[in-house]
Amino acid sequence: MSGAGTADFFYREALRLGYVARSAFKLLQMQKQYRLIRPGDSVLDLGCAPGAWLQVACQGLGPFQNGGSVVGIDMKKVRVPSVHCDSRVRTVCADVMRLLSDQARALSPQEKGFSVVLSDMCPAVSGITTKDAALSCELGMRALSLSVGRAVNVNEEIPLVSSDSEINGDGILRQGGNLVIKFLESEDIQEIARICKLCFKKASWFRPKATRSSSREIYLVCQGLR
């Protein structure tokens, strides 16, 4: 395989440009199309290993004097890449599924929350389609509940507390903020999209060019938290 749009192309480009993984091009394309990250933003990257999205997020902040910050969270320790990152980027070793909203908010500047939340989390793929999709939905819903601090009853459009961990506070995403969540395609993700369309001004499905043809992953891009 060769040429633009293939796995080999993006792998070679990542090496050439200093990105630690080809997944950088997925966020780069989203950033170009939606302009999710702006100079001075505070960004939280859930499931940040190996660090490619940290690199792209830091680039989105603009020159160092613009300020801003990027915090990456992963179950394994992740070293901040030396290329495309500066002192505005740091990582934390933690389990997102056990992370309380107050703990996550404490990682943001002045503990006021984040302007962008990115989730590239994906379960360890078992090869069992229904199981993998269910686990992916669980991770995605966790990213959503951390961000907005509530779930939504789609039939009645009533905000609800999404879990015991969220009872003591709202979400960590600031009003007007943006959220990106990766899912494995299944029927269940359409329900999640409906929830997001109630919580955000706009919610769109997006499949980056750098996604492998054999992959079922797709991203829900949510803009402008209500």
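Only one of the listed residues (Asp132, Asp86) is open to solvent by 10 Å² or more (accessible area, probe 1.4 Å) and of a type in the set (D, E, K, R). That residue is Asp86. The one condition from (1) over 14 Å from the mean Cα position of the chain (by Cα); (2) open to solvent by 50 Å² or more (accessible area, probe 1.4 Å); (3) within 20 Å of Pro208 (Cβ to Cβ); (4) hydrophobic (A, V, I, L, M, F, W, C) that Leu28 does not meet is (1). When Glu13 is tested against (1) part of a helix (DSSP H, G or I); (2) within 18 Å of the chain's Cα centre (by Cα), just one condition goes unmet, and that condition is (2).
Among the residues of region 176-195, the one identified as out of contact with any helix residue (DSSP H, G or I) (no Cβ under 7 Å at 6 or more places or on another chain), open to solvent by less than 10 Å² (accessible area, probe 1.4 Å) and either acidic (Asp, Glu) or in a helix (DSSP H, G or I) (or both) is Ala193. Could you go through region 60-75 and let me know if any residue there is of a type in the set (D, E, K, R) and out of contact with any strand residue (DSSP E or B) (no Cβ under 6 Å at 6 or more places or on another chain). Yes, region 60-75 contains a residue that is of a type in the set (D, E, K, R) and out of contact with any strand residue (DSSP E or B) (no Cβ under 6 Å at 6 or more places or on another chain).
Can we say Ala49 is part of a loop (DSSP other than H, G, I, E, B), hydrophobic (A, V, I, L, M, F, W, C) and more than 14 Å from the chain's Cα centre (by Cα)?
Values: part of a loop (DSSP other than H, G, I, E, B): yes; hydrophobic (A, V, I, L, M, F, W, C): yes; more than 14 Å from the chain's Cα centre (by Cα): no.
Taking the combined requirement at face value, the residue does not satisfy it.
The selection criterion, being in a helix (DSSP H, G or I), at pLDDT 95 or above and either surrounded by fewer than 20 Cβ atoms within 10 Å (Cβ to Cβ) or not polar (S, T, N, Q) (or both), does not hold for Arg79. Checked against the criterion of being out of contact with any helix residue (DSSP H, G or I) (no Cβ under 6 Å at 6 or more places or on another chain) and open to solvent by 20 Å² or more (accessible area, probe 1.4 Å), the candidates Arg22, Arg38 yield just one match: Arg38.
The values are calculated or read from the model by the stated rules, or taken from the named source; none is laboratory data. Source: prediction; values computed, not measured. Here the Cβ is made from the backbone with ideal geometry for all residues, glycine too, and neighbour counts use every protein chain on show. These area figures cover heavy atoms from the full protein model, side chains too; ligands, DNA and RNA do not enter into them. Shrake-Rupley method; radii C 1.70, N 1.55, O 1.52, S 1.80 Å.
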